[in-house]
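Undergrad: Pasting a structure here, questions to come.
Please treat every number below as a calculation from the coordinates, not as lab data. Since the model is a prediction, treat every value here as computed from it, not as a measurement. All Cβ positions, glycine included, derive from the backbone under ideal geometry; neighbour counts span all protein chains shown.
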Amino acid sequence: MRRAIRRPRDVKESALSTVARVDAEESPYPPAPSPVRGGEGVAGRGAVYLEIDRDSEATVARRIRTRAAAKELRRQTTETEKRVWAELRLYKIDGLQYRQQHPIGPYIVDFCCHRAKLVVEIDGKIHEQQREYDAERDQYLEMLGYTVLRFSTNRVLHDLDAMLSEIRAACSPSPRPGEGAGG
């Protein structure tokens, strides 16, 4: 039995066109009858529809905006971020892949290693004024299982080797109780 699948031609284009409507109190779309729930659709009985409600439209729109913002941040990299990226890119630290200006949820982190669940943040002068925001962000990332390391721009400029050693130590798995030397 064949099933008709109805979905937007281009999800990205569809999401971008609804960005302005995301904040509306009600969805601009009337609820479509769902063949999955026994309703009749345009394609008739047995058709499967991709239903997008207001929340998922908002999520898609937010992801598109966040990715675009991350891309722009990668273009406008600071000198200290360039120094750190030169050391993290191309699997230079323990063969791990890092991503620069990477979105995680609603936030964009400076550097991220998914395999080690590590986020590296370079804090400039603006971070002195947004400590509460950074604490909320760190809490969100830690809730997802990431370890967040924050370094000042002065530390990057004057003590890069020690900073990289800290990153290496954070990436290496800690021995379990009862394992390792002498145990």
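Undergrad: For the range 88-110, how many residues meet the condition of being more than 19 Å from Glu136 (Cβ to Cβ), out of contact with any Leu (no Cβ under 6 Å at 6 or more places or on another chain) and either among the acidic types (Asp, Glu) or crowded, with 16+ Cβ neighbours inside 10 Å (or both)?
TA: 6
Undergrad: Then there's this: Which members of the range 72-113 meet the condition of being within 18 Å of Leu164 (Cβ to Cβ), outside any loop (DSSP other than H, G, I, E, B) and among the charged types (D, E, K, R)?
TA: Correct list: Glu79, Glu81, Lys82, Arg83, Glu87, Arg99, Asp110.
Undergrad: Ok, one more. Under the condition of being more than 25 Å from Glu79 (Cβ to Cβ) and over 15 Å from the mean Cα position of the chain (by Cα), which residue from the range 117-139 is surrounded by the fewest Cβ atoms within 10 Å (Cβ to Cβ)?
TA: Glu132
Undergrad: Could you list, in sequence order, all residues of the range 140-159 that are surrounded by 11 or more Cβ atoms within 10 Å (Cβ to Cβ) and in a helix (DSSP H, G or I)?
TA: Correct list: Tyr140, Leu141, Glu142, Thr153, Asn154, Arg155, Val156, Leu157.
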